[in-house]
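The values are calculated or read from the model by the stated rules, or taken from the named source; none is laboratory data. Everything quoted here is computed from the prediction, not taken from an experiment. Reconstructed Cβ throughout: ideal geometry from the backbone, glycine too, with neighbour counts over all protein chains shown. These accessible areas exclude ligands, DNA and RNA; they are computed on the full protein's heavy atoms, side chains included. Shrake-Rupley method; radii C 1.70, N 1.55, O 1.52, S 1.80 Å.
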Amino acid sequence: MVQTQHGIGGLSYDPAKRSRPPELNVFLALVLITVAFELIGRLFLGDSFLFNTRDNVDAIFNWQRLNIIILQVSIIGIIALGVTQVIISGGIDLSSGSIVGATAMVAMSFAQTAMVNGNPNPKAIFGDWAMDLPVLVPVLVGLGCGLAAGMVNGALVAFTRIPPFIATLGMMVFARGFSRWWSNGNPVSFPTEGYAAIGKGMMPVLIFVLLAVLFHLILTQTKYGKHCYAVGSNEQASRMSGIKVANHKVLVYTIAGMLAALAAIVLSSKNLTAQAGMGVMYELDAIAMAVIGGVSLQGGRGSILGTVLGALIFGVIISGFTFLQLDAYYQEMVKGVIIVGAVVLDQWRQGRSRG
Amino acid sequence: MTDTILETRGLTKHYGGVHALSDASFTLRRGEHVAIMGDNGAGKSTFVRQITGVERPTRGQIIFDGVEHTFESPIEAREAGIETVFQNLALADDLDVPSNLFLGREKFRFRLGPFSILDKKAMREASLQALVKTGVKIPNLMNTIRNMSGGQRQCVAIARTAAFKSKLVIMDEPTAALGVQETAQVENIIRTLKEAGEPLILISHNMRQVFDLVDRVVVFRRGRIVANLRKQETSGEDVVSYITGAKTGSEFEGAA
Ligand SMILES: Nc1ncnc2c1ncn2[C@@H]1O[C@H](COP(=O)(O)OP(=O)(O)O)[C@@H](O)[C@H]1O
Ligand SMILES: [Mg+2]
């Protein structure tokens, strides 16, 4: 343990005295919510939320449910990783859901297989030249879409006086229009086996976890990460300290765009099809995951770990409602309550720490 | 090596129609401590922003350490050796002390463009040294500065100048918002700078402090330098009369 003490000021670096990490509270909330569903299930349904109750399965936990919880949040979770960086830097990104739609359409068009059951692919977008391409092609094309959209977002925010909310709202509407235009509203289907493997089984979870670890390290250990917090905390001070704020913003939105594109690739691969309506409202779910996880909409505060915990809370609540056999529209309504609740909580936290 | 560390010639800044700074010619010798005084809106902070690269002057020259400079950014001025404590502090509330001290000029373990790996240990140790050097009291330097008192935050801002080798330190109203004890602490830091022979420009409204600490007083009024007074040859009343305009700069001739 590093402990340094000085006579003059009594200043010290004592790791034990660091203030409690806010992620701890989010983790406690996750535990609390899970326990609540467990109790409600036992009391009212006579069933367990977490634990295995079937005799023919030899397991302590209900792995099927746990897998679904993490699987259903992992794709939006990938988007939330980018959204987290944008919000910490003091911005907002409303375009990620639409970028998912547009990227899915474009990437899938380059991932199609020529023959389906001995017949030419009925959903073919391009001619033979775009059929049965190596998986790297659709992946790079897709990432390119996210890069372009993200760079436009970043440039608009950094070099014009358009607020991030409006700039990314414009991109949201544009990208959704683009995905409808791409194939006149028709779905794009029948990918190659290579492309279909990207989102198979628990692959989305694996990709989400790896990206979460990578961006956790980037945010905590690199100059880029430090500048996210600095710019979001005090943009003027960052500029006066020599941080190239505009460049930083372009980079943040570009990374967020590419993560949304990656989510689109995983999602279209998992579904084996791309539709113009893919990813609708994902931007709000992603923002909600971040905010539930302690990312402050005022900028400067939050973490990847928090967002991952926020995503899990999100997944537990959705699964919990399915478990309690409540209808889908209740889920929507509850989602709305969670989003507003998380923002109110954030404001309350801000107010308390200012006071 | 010249005896003059900083000289400005005809430094002028207009904000649209506002003539915030007109024709300021100013010199500072090595090791000298100079106070800039003047009413609110006299152009003191504007002057500081021109010589620290925060803004580009409308016209005029800045000669620092014998070389004429046009600083394009605050980082260029800092690289040249000008360390500044700005009036609005320029600190990021959500960062801890070392991150604030090294904001915009982090130390790295491994360079990789924007994704360069931070050398947190080196920054922490250098922060400790800077704080010890300035005698600053901070309960725990790994906490964010959000919950620190005004004095502690000011000390962090000042320690930032001490963490780097500088040729000139500028402080814009460093004690304006501080209590008695905290003010005394900042004044002690200024005395250590004097002993170390580091030149200083101090902007202050506090007459006692100015006469305690500096060698010379320069008075700004309505964007112009109206007086340049050696401490031994002037008095508080004299300075006040220049600040208020009761006395005009007829006796004022050139720089020191
Ligand atoms: N960015 C700006 N735009 C327009 N006017 C400004 C700006 N900054 C300062 N001023 C004006 O310039 C004058 C000098 O201001 P300032 O240098 O802050 O004074 P001081 O620091 O001496 O109190 C004031 O009239 C102020 O309103
Ligand atoms: Mg001022």
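A few points about this structure:
- Cα gyration tensor, region B:155-256 - rounded (a/c under 1.5), prolate or oblate: prolate
- Only protein heavy atoms count here; under a 1.4 Å probe, B:Lys133 has an accessible surface of about 120 Å².
- Region A:230-331 shape via C-alpha gyration tensor axes, a/c threshold 1.5: oblate
- Ranked by the mean number of other Cβ atoms within 10 Å of their residues, highest first, the peptides A:170-181, B:226-237 fall in the order A:170-181, B:226-237.
- Shape index of region A:132-174: Rg/Rh, with Rg the Cα radius of gyration and Rh the Kirkwood radius from the inverse mean 1/r over Cα pairs, equals 1.18.
- Amide H within-cut-off set for A:Phe51, under 5 Å, with H built and near neighbours excluded: A:Asn62
- Annotated for chain A: lysine pairs at least 8 residues apart or interchain, Cα distance under 30 Å, count 12.
- Largest accessible area first, the listed residues B:His19, A:His227 line up as B:His19, A:His227 when surface is computed with a 1.4 Å probe on the assembled protein chains.
- Amide H contacts of B:Lys137 (H built 1.01 Å from N, under 5 Å, at least 5 apart or other chain): none
- Inter-chain Cβ neighbour count for B:103-110, averaged per residue, equals 5 (cutoff 10 Å, partner chain atoms only).
- Scaled to the globular estimate 2.2 N^0.38 Å, the Cα spread of chain B, given as radius of gyration, is 1.02.
- Here's how it looks for B:Leu21: its modeled amide H is under 5 Å from those of B:Lys13, which are all 5 or more places away or on a different chain.
- Between helix B:180-195 and chain B there is an angle of about 80 degrees, using the helix long axis and the longest principal axis of the Cα atoms.
- Taking only the Cα atoms of chain A, the ratio Rg/Rh comes out at 1.02, with Rh defined as the Kirkwood radius.
- Charge dipole magnitude, Cβ of K and R +1, D and E -1 - region A:255-355, Cα centre, debye nearest 20: 380
- Annotation for region B:1-91: GluC sites (Glu not before Pro) lying in DSSP loop with at most 13 further Cβ atoms inside 10 Å of their Cβ are B:Glu72.
- 3J(HN,Hα) along region B:162-168, derived from phi through the Karplus expression 6.51 cos²θ - 1.76 cosθ + 1.60 where θ = phi - 60°, amounts to 7, 6, 10, 6, 10, 9, 8 Hz, with x in place of Gly and Pro.
- Spin-label pair A:Asp55/B:Arg56, simplified geometry with 7 Å Cα→Cβ offset, distance in nm: 8.3
- Only Lys, Arg (+1) and Asp, Glu (-1) charged, at Cβ; region B:6-57 dipole about Cα centre in debye: 140
- Rounded to the nearest 500, the 222 nm mean residue ellipticity of chain B from helices alone is -9000 deg cm²/dmol, with -39,500 (n - 2.57) taken per DSSP H run of at least 4 residues.
- Listed by chain and number, the aspartates and glutamates whose C-alpha is less than 18 Å from the C-alpha of B:Lys137, apart from same-chain residues fewer than 8 away, are A:Asp14, B:Asp93, B:Asp96, B:Glu125, B:Glu182, B:Glu187.
- Summed over the residues of region A:68-148 and divided among them, the accessible surface reaches 32 Å² per residue at a probe radius of 1.4 Å.
- Per-residue ellipticity at 222 nm computed for chain A from its helices equals -22000 deg cm²/dmol, with DSSP H segments shorter than 4 residues left out and the rest contributing -39,500 (n - 2.57).
- Fluctuation leader among B:Phe108, B:Phe211, B:Phe64 - chain B, Gaussian network, Cα springs under 10 angstrom: B:Phe108
- Within the listed set B:Ala80, B:Ala130, B:Ala122, the Gaussian network model of chain B (springs between alpha-carbon atoms below 10 Å) gives the highest mean-square fluctuation for B:Ala122.
- Each residue of region B:233-247 was assigned a 3J(HN,Hα) from its phi angle through the Karplus curve 6.51 cos²θ - 1.76 cosθ + 1.60 (θ = phi - 60°); the sequence is 9, 9, 9, x, 4, 4, 4, 4, 5, 6, 4, 7, x, 4, 10 Hz, with glycine and proline shown as x.
- Angle between chain B longest axis and helix B:120-134 axis [Cα atoms, degrees, rounded to 10]: 40
- Shielding of peptide B:79-90 by partners, expressed as the average count of other chain Cβ atoms within 10 Å per residue Cβ, is 2.
- Partners of B:Lys247 within straight-line reach, counting lysines whose Cα lies under 24 Å from its Cα and excluding those fewer than 8 residues away in the same chain: B:Lys44, B:Lys231.
- Kyte-Doolittle at least 1.6, axis length at least 30 Å by Cα - qualifying DSSP helices, chain A: A:63-88, A:136-159
- Between A:Met115, A:Met289, A:Met105, the GNM of chain A built on Cα springs shorter than 10 angstrom shows A:Met115 fluctuating the most.
- Based on alpha carbons, the Rg and Dmax found for the protein assembly as shown are 29.9, 102 Å.
- The largest accessible area among A:Thr160, B:Thr2 belongs to the first residue in B:Thr2, A:Thr160, and the rest follow in falling order (1.4 Å probe, all chains).
- B:Met37 contributes an accessible area of around 0 Å² to the protein surface, as traced by a 1.4 Å probe with all chains present.
- Take each residue in A:225-234, count the other chain C-beta atoms within 10 Å of its C-beta, and the mean is 6.
- Listed residues B:Lys121, B:Lys44 arranged by accessible area, highest first, probe 1.4 Å: B:Lys121, B:Lys44
- For region A:110-214: rounded, prolate or oblate by the Cα gyration tensor [a/c cutoff 1.5]: oblate
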